[in-house]
Amino acid sequence: MMVTATPEIGRTPKPGLERSSRAVAGVGQGTPAPGEGYALTIASRECKKLNFAHAHDLDDVIIGVASVAAKRASLIGRGPTLGDVRVAMDLFGLRASSPISRDITTPFRGLAHSYVAQRRFVDAVTRAQLTAGANDAASRH
């Protein structure tokens, strides 16, 4: 077994591990937050409880809900929670109807296959829309 040597104290940090002194901002840049990938886990679990008129819409809706939930969590610099996913679902009326029609899933169409479409979709959701339910999101069941 080979042991890796401890790096010297004065070694220059790797550029990929350094943080920028200013946050990147702008259309298509996103809003980074810790643990954003967890939004996908929560969104998948919650969206699979829904009844879709067309089952193949599920993957697109999961990606859209997770992305919007991650954006909501990142606005205050924390990881996503169930409340964020529920606010994202309610924003698009996903928990209000059953089965969920193609009219409701139309904005999500193609999100599972296109990063550009995902960025455009998330950028279209405003901060005001995401924070409107901030106080009661955790209490919704």
Looking at the P(r) of the range 32-131, how many percent of alpha-carbon pairs lie beyond 22 Å?
19 percent
Return, ordered by residue number, the residues of the range 64-84 whose backbone nitrogen is under 11 Å from a label point located 7 Å along Cα→Cβ of Ser101.
none
For Ile100, list long-range residues whose amide hydrogen, built 1.01 Å from N in the peptide plane, is under 5 Å from its own amide hydrogen.
Asn51, Phe52, Ala53
Mind ranking 40-50, 98-108 by how tightly packed they are, going by the mean number of other C-beta atoms within 10 angstrom, highest first?
40-50, 98-108
Tally Lys and Arg at +1 and Asp and Glu at -1 over the other residues with C-beta under 11 Å from the C-beta of Ala70: what net charge comes out?
+1
I want the local charge near Thr105. Using Cβ-Cβ distances under 13 Å, sum +1 for each Lys or Arg and -1 for each Asp or Glu among the other residues.
-2
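Just so you know, all these numbers are worked out from the coordinates, no wet-lab data involved. Computed from a prediction, not measured in an experiment: that's the story for all the values here. Methodologically, a virtual Cβ is constructed for each residue, glycine included, from the backbone with ideal geometry; neighbour enumeration extends over all protein chains shown.
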